[in-house]
Amino acid sequence: MPISYQEALQIIQTQIQPLHVNQTLPLLKAINRISSSDVYAKFALPKHPMSLKEGYGIAFEPTTLTYTLLNPPYPTPIPLGYGVRLSTGESIPEGADTIIAEEDVLVDHDECIKIPLHVSQSQHIKKEGEDISKGELLLKKYERISAQKITALSSQGINTVKAVQRPTVSILSIGSQLATGEIHNSNAMSLAARVIELGGKVGEIVIGEEDDAKILKALQELVGKADCVITTGALSRHDAMRHLLETKTLLPLFHQVRITPAKPSALTLFENTPILHLPGLPLGCMLGFEMLGVPLLRHLQHRHCIIPDFITCINQKRITCKDNSMSAIPGYSDGRHFVCAPYYEAGRLNILSQCNGYTLSEGKESIEEGEEIPFFYFTHPPVS
Ligand SMILES: Nc1nc2c(c(=O)[nH]1)N[C@H]1C(S)=C(S)[C@@H](COP(=O)(O)OP(=O)(O)OC[C@H]3O[C@@H](n4cnc5c(N)ncnc54)[C@H](O)[C@@H]3O)O[C@H]1N2
Ligand code: MOO
């Protein structure tokens, strides 16, 4: 009996061990990688109160408009009614608590300034720790290392970060037409390109013959050098991969999922390495990868949520789907609207090149025009 899509995702999350090897990387090599440790701030930022204007720092006294300017070395603290010249970004000496921008000063002598009536105390100051407080959590374990996280880390003088290793994925494509060269192995190239887009590494790409023993031998050779193997093809009724699964020579964690396309997909463990078995029909293979392969790669990378981010769009054209499965329907979104591809049968190949993502629909015979739908971009950041 085929299991539901949610059950398949749960099996991925509970039966597959995420990667445990971590690497220390320079910040710019860590972009889009997954952090493998919490990183805390070592010091407050700014370290000292800082002027945000070119002008004067004064020890504000509510009844005083004229402030005597001091030259360094300044007394500590600056006495009330006194001030100092400051540049933008300069640390404010103790006692000075208000900044007057130079263009707001009414009278500017060498020794004193006259300030306007309406000055609010502590204006134009970035306070100590206003950006980052000491001990603050800057980057969480298993969070994606984005440019924004790198901003915070580098402001602390942190040059390296620990990241989860990138998953290495090998691909075994099975089919006699592939071996003879009658068709090109576009499935493997498609998957390999997606793995790279998602931040993974491609191990080996191998073409296998339709033979149980030869498939097992090929898998044996691949698993030792990869974190995950994807097989394509040979899942039809009388095909070798299906036979290996049905005879439990390869013990399935699941086999047959109520998804469209890619229903005959399976997940096995071969010497502890997860193997995702996808069908040979090209769109079945590619959309099967989006539905099962992307969550598997995210899980290997310790992502909390193994489903990628999605946006909500308005469907523009009625779609008919299968009400007994989770259907992936490819199409194009401008960020607000979704138009499904004109055709998307599992045997098609090139239609995805005109799509930028897909929607998922479960338990419905149709998606009506004007309905809100989830839209998953193909190009979302790595295993994100
Ligand atoms: N009588 C039935 N037939 C089929 C059923 C069914 O229930 N009853 N299910 C269909 C479904 S659903 C799927 S999915 C496919 C499973 O197909 P396979 O995984 O066995 O696909 P292959 O026979 O290996 O290949 C089919 C076809 O796809 C192209 N192909 C295959 N590999 C590649 C590759 N690496 N690169 C590019 N293109 C590839 C090629 O044209 C193959 O001839 O079964 C349905 N049938
Ligand atoms: O399950 Mo298949 O990929 O729909 O034709």
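The values are calculated or read from the model by the stated rules, or taken from the named source; none is laboratory data. Keep in mind the model is a prediction, meaning the values are calculated, not measured. So basically every Cβ, Gly included, is an ideal-geometry build from the backbone, and we count neighbours across all protein chains shown. All accessible areas refer to the heavy atoms of the entire protein, side chains included, with ligands and DNA or RNA removed. Shrake-Rupley method; radii C 1.70, N 1.55, O 1.52, S 1.80 Å.
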Item to complete: Pull out a ≥ b ≥ c, the square roots of the eigenvalues of the alpha-carbon gyration tensor of the stretch 184-286, then state rounded if a/c is under 1.5, prolate if not and a/b is larger than b/c, and oblate in the remaining case.
Response: rounded
Worksheet entry | Contour minus Cα-Cα distance for E94 and D38 (0.36 nm per residue) | 16.7 nm
Discussion item. At 1.4 Å probe radius, can you tell me the per residue accessible area of the chain in Å²?
Written reply: 49
Practice prompt. For G175, list long-range residues whose amide hydrogen, built 1.01 Å from N in the peptide plane, is under 5 Å from its own amide hydrogen.
Written response: G208, E210
Item to complete: Go ahead and run the numbers for FRET between T66 and S155, Cβ-Cβ distance against an R0 of 41 Å, rounding to 0.05.
Response: 0.60
Item to complete: Could you tell me what percent of the accessible area of the stretch 311-377 is made up of carbon and sulfur, with a 1.4 Å probe and every protein chain present?
Response: 47
Worksheet item: With all protein chains present, how much of the accessible area of the stretch 1-150 (probe radius 1.4 Å) comes from carbon and sulfur, to the nearest whole percent?
Response: 52
Discussion item. List the residues, sorted by chain then number, that are 5 or more residues from I132 or on another chain and whose placed amide H is less than 5 Å from its amide H.
Written reply: L45
Discussion item. Give me the net charge for the shell around H304: Cβ to Cβ below 15 angstrom, other residues only, Lys and Arg +1, Asp and Glu -1.
Written reply: +2
Worksheet item: Along the stretch 217-231, what does the Karplus equation 6.51 cos²θ - 1.76 cosθ + 1.60 (θ = phi - 60°) give for ³J(HN,Hα), rounded to whole Hz, x for Gly and Pro?
Response: 5, 5, 5, 3, 6, 7, 4, x, 10, 9, 8, 6, 10, 10, 9
Worksheet item: If you take the charge dipole of the chain about its Cα centre, with +1 on Lys and Arg Cβ and -1 on Asp and Glu Cβ, which of N185, N159, L269 is farthest toward its positive end?
Response: L269
Worksheet entry | Sum of -39500 (n - 2.57) over DSSP H runs of 4+, divided by residues of the chain (222 nm, nearest 500) | -5000 deg cm²/dmol
Worksheet item: What nm distance separates the two modelled labels at K134 and H184, each placed 7 Å from Cα along Cα→Cβ?
Response: 6.2
Response to the item:
Taking only protein heavy atoms and a 1.4 Å probe, the highest-to-lowest accessible-area order of M50, M189, M241, M1 is M1, M189, M50, M241
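Inverting the mean 1/r over all pairs of different Cα atoms, compute the Kirkwood radius of the stretch 50-126 and quote it in Å.
Computed over the stretch 50-126, the radius equals 11.8 Å.
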Worksheet item: Taking the Cβ-Cβ separation of K127 and E372 as r and a Förster radius of 30 Å, what is the calculated FRET efficiency to the nearest 0.05?
Response: 0.10
Practice prompt. Using packing as a proxy for protection, rank 103-115, 72-84, 197-209 so that the peptide with the highest average count of other Cβ atoms within 10 Å comes first.
Written response: 197-209, 72-84, 103-115
Worksheet entry | For the stretch 304-359 versus the stretch 1-73, the gap between their alpha-carbon centres in whole angstrom | 36
Fill in: Restricting the stretch 122-155 to trypsin sites (Lys or Arg not before Pro) in coil, as DSSP defines it, with at most 16 other Cβ within 10 Å
K127, K134, K140, K141
